[in-house]
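Worksheet: one structure, shown below.
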Amino acid sequence: SSPDSEGVTPELEKAGLLNKTKIAEGGRKLRKNWNPSWVVLVGNSLVFFKDPKSQNPDSWKPGNSRPESSVDLRGAQLQWANDLSSKKNVFKLRTVTGNEFLLQSETESLIREWYRTIQNVIDRLDKE
Ligand code: I3P
């Protein structure tokens, strides 16, 4: 049988490099610190990797490298946020716990695709 015959590994939806900054923690505002982040959408979570060495498609698999942080998308909110940055192509992700992130790409088509895919996951979780 295959290693995942019991279906314990969640489905990888999307992965790629985005610019990221956290702007609030538990509703409390933080100072921006933009950094490139390898972002992986898997199952109900958005997972962030800091280490450039972990930027490969196998990175998200358990045990392969340690994520910097992970966001539960259940109940999360997305909105375009070009008013919150001097950068273009920015959206804000807010978790139920009041953590807020800005995600950005220089490539408009790429950031639109991320927005759409994350929103689809949020919508799917809302219906459960
Ligand atoms: C911030 C830094 C950020 C910028 C932020 C600045 O300065 O330049 O890149 O956000 O603008 O305050 P510092 O490095 O001194 O903390 P954007 O790139 O998103 O515009 P802001 O304060 O208007 O959010």
So, in nm, how far is label Arg66 from label Glu106 when the simple model puts each one 7 Å beyond its Cα toward the Cβ?
3.2 nm
Which of rounded, prolate, oblate describes the range 79-128, given a ≥ b ≥ c as roots of the alpha-carbon gyration tensor eigenvalues and a/c under 1.5 marking rounded, otherwise prolate only if a/b is larger than b/c?
oblate
For Glu113, what is the net charge nearby, where nearby means another residue's Cβ is under 13 Å from its Cβ and Lys, Arg count +1, Asp, Glu -1?
+1
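Quick note: the coordinates plus some simple rules give every number you see, no bench work behind them. From a predicted model like this one, the values you see are computed outputs, not experimental measurements. Cβ sites come from the backbone with ideal geometry, for glycine too, and all protein chains shown count toward neighbours.
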